[in-house]
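Report on the structure given below.
Please treat every number below as a calculation from the coordinates, not as lab data. Computed from a predicted model, the values in this text were never measured in an experiment. Note that each Cβ is placed from the backbone with ideal geometry, even for glycine, and that neighbours are counted across all protein chains shown.
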């Protein structure tokens, strides 16, 4: 009993020390240049069932840019870290199919983390995950109208792993799988926060599926009180 | 039936000409052209995997899929393609039986029986094989029925029974390829996704299959038999046999290039025409390709484009110019009664070039891209039949 107590105290102390020497990495991703106009998704509007869910003509969402240039849907992550995934115990990430569109369309998860795919539509979808990295399994699963949730996991790190619905071929989501918990996806203002990054020097990369598919990098030193890193990605 | 028959040296009779056989061959050709059209729509709309299983559809027997599911989005196109293919399959078995006559019965009985037994064997393997078992035993049932009925029918003149057997096997291979394209979609061999590979072969073989049926239709026609039986064959004054052959081969090569582009599901590798990314010769450096991908918004062809895909489309454009020039030469060098068909061929190629340009200007609209596939098939068939006719006359002229 005494031994267990000592072990528990040791684990708790280690965790406390780690948090004490960890800080949040925050920043903003800004788009430089004028992105092309988004395209009208006419097949969606023309679809007898799905078209009813949209009063106005739906458009693609490749570049979601705030008034100040902040770029949403950018995945920011630490580079060069592997085998630190806590995905098995992390809360599931939800991908919903709503009004015949994936919501959200850009997400990031850890390796081994559960992705829960919902179908909130009264229409059939097929959930087709199409990885490009060996070790991540491709699946094509039917999901009936308002059907039971599906769960998927991926074991290998991969940027922008494609999810699509072949029944409604304009429906896409892009899942970035990371082998550690130090990543974030920018919000509508282009802002991000990566929590509890252990103090140290890192290469941080910002990936946008269109503007920076290979990533824009910078060196950052994270201290106990955190760090700030702003990125600019350019569209020509 | 108004069939004209003759007796072979071995003593058996055979059909020289049957108007209803010819009409049935034309019906099979029309059904196959429709099948290529709906198959083209499946690829153009990128809905090939909208029914994830095969030969079942969402777990249902192919003919028992609920109508509400059938009418949902891309399921409509994919499932209709499957049902239509079944009709073509039955038509081809019947056509083969008609062409082969009583001499084909024994083989059909054996094949049909074997397929039924194999289907039942698959059913016994377990629930995972149920769909395949029903599919195979269903085909076997159709084949067996074809062998049972119409006991004393006369075969068609050679080489039609052999061509019928080719069609019989090809239609089954095509069905299997279509199914494997679905069930093996996720598998990768030597870096190539099997779904893409099987889809590509399925698309190209479909064109060859249509061509074979068109040859059968030509050889069963009154016109062909008349030319065959008359000693004084009209000389079409055609000195372009090799040009016809060369051009037809080029068209088939062009169809393979087109099918390769379509099955990569990368949308338009070059979004403008007649220029290419705003230039006569586009920049295909990694930086340039990255900039193209950054600003291209494809609704369905979501895969990023590569330099190789740009070169592929440039090759498609260059070959189009070669084909257009070659067909013009064929039309120019053809005299006599083949002059008009050769001009029709030239017209088809001009329409095809226009549809190619329109495909780009419409950002690969599914109906335009599919029309491009269909006119491509008609161009191939026209060229191949004209080639056969010119060589046929060439051979006769030497006799």
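The shape of the protein assembly as shown comes out prolate: with a ≥ b ≥ c from the C-alpha gyration tensor, a/c is at least 1.5 and a/b beats b/c. Per-residue mean of foreign Cβ neighbours for B:176-188 is 1 (Cβ atoms of other chains, 10 Å radius).
Take each residue of peptide A:127-136, count the partner chain Cβ atoms within 10 Å of its Cβ, and average: the result is 2. Taking R0 as 56 Å, what's the FRET efficiency between residue A:218 and residue B:114 from their Cβ-Cβ distance, rounded to 0.05? Efficiency computed from Cβ-Cβ geometry: 0.25. Using the Cβ-Cβ distance between residue B:325 and residue B:53 with R0 set to 41 Å, the FRET efficiency works out to roughly 0.30. Once you have a ≥ b ≥ c as the square roots of the Cα gyration tensor eigenvalues for the stretch A:113-171, tell me rounded if a/c is under 1.5, and otherwise prolate or oblate according to whether a/b is larger than b/c. Cα axes put the stretch A:113-171 in the prolate bin.
Inter-chain Cβ neighbour count for B:47-53, averaged per residue, equals 6 (cutoff 10 Å, partner chain atoms only).
Sketch the reach of a paramagnetic label on residue A:21 as a point 7 Å from Cα along Cα-to-Cβ, and name the residues of the stretch A:180-215 whose backbone nitrogen lies under 15 Å away. Counting only backbone N, you get A:197-202.
Extension gain, residue B:308-residue B:343: 0.36 nm per intervening residue step, less the Cα-Cα distance, totals 9.1 nm.
Computed from label points 7 Å out along Cα-Cβ, the spacing between residue B:60 and residue B:318 is 5.0 nm. The ranking of B:185, A:179 from fewest to most other beta carbons within 10 Å of each one's beta carbon is A:179, B:185. Neighbouring Cβ atoms within 10 Å as the yardstick, rank A:29, A:127 fewest first. The fewest-first ordering by Cβ neighbours comes to A:127, A:29.
Where both bridge residues fall in the stretch A:23-234, DSSP classifies roughly 75% of the beta bridges as antiparallel. Taking the C-alpha atoms only, the angle from helix A:2-20 to the longest principal axis of chain A is near 70 degrees.
A crude spin-label estimate for the pair residue B:165 and residue A:230, with each label 7 Å from Cα along the Cβ direction, gives 7.9 nm. Taking every DSSP helix (H) stretch of at least 4 residues in chain B, weighting each as -39,500 (n - 2.57) and dividing the sum by the residue count yields a mean residue ellipticity at 222 nm of -23500 deg cm²/dmol.
DSSP assigns beta bridges within the stretch A:88-136; of those with both partners inside it, close to 40 percent run antiparallel. Rounded to the nearest 0.05, the FRET efficiency derived from the C-beta distance between residue A:114 and residue B:106 at R0 = 60 Å is 0.50. The spacing between the stretch A:150-206 and the stretch B:166-205, judged by their C-alpha centroids, is 34 Å. In percent, rounded to a whole number, the relative contact order of chain A is 30, using alpha-carbon pairs under 8 Å and six or more apart. Measuring nothing but how far apart in sequence close Cα pairs (under 8 Å, 6+ apart) lie, relative to its length, chain B scores a relative contact order of 19 percent. For chain B, what class follows from the C-alpha gyration tensor (a ≥ b ≥ c being the square roots of its eigenvalues): rounded when a/c is under 1.5, otherwise prolate if a/b is larger than b/c, else oblate? Note, shape of chain B comes out oblate. Based on Cα contacts under 8 Å between residues 6+ apart, the stretch B:241-398 shows a relative contact order of 35 percent.
Beta bridges from DSSP with both residues in the protein assembly as shown: antiparallel share about 75 percent, rounded to the nearest 5. Site pair residue B:227 and residue B:256 shows an inter-label distance of 2.7 nm when each label is modelled 7 Å from Cα along Cα→Cβ. The stretch between residue A:40 and residue A:134 holds 30.4 nm of extra length on full extension. This uses 0.36 nm per residue minus the Cα-Cα distance. Distance from the Cα centroid of the stretch A:73-88 to that of the stretch A:214-231 is 14 Å (rounded to whole angstrom). Based on alpha-carbon centroids, what's the gap between the stretch B:266-312 and the stretch B:91-134 in Å, whole number please? One Cα centre to the other: 47 Å. Residues A:38, B:115, A:221, ranked from the fewest to the most other C-beta atoms within 10 Å, line up as A:221, A:38, B:115.
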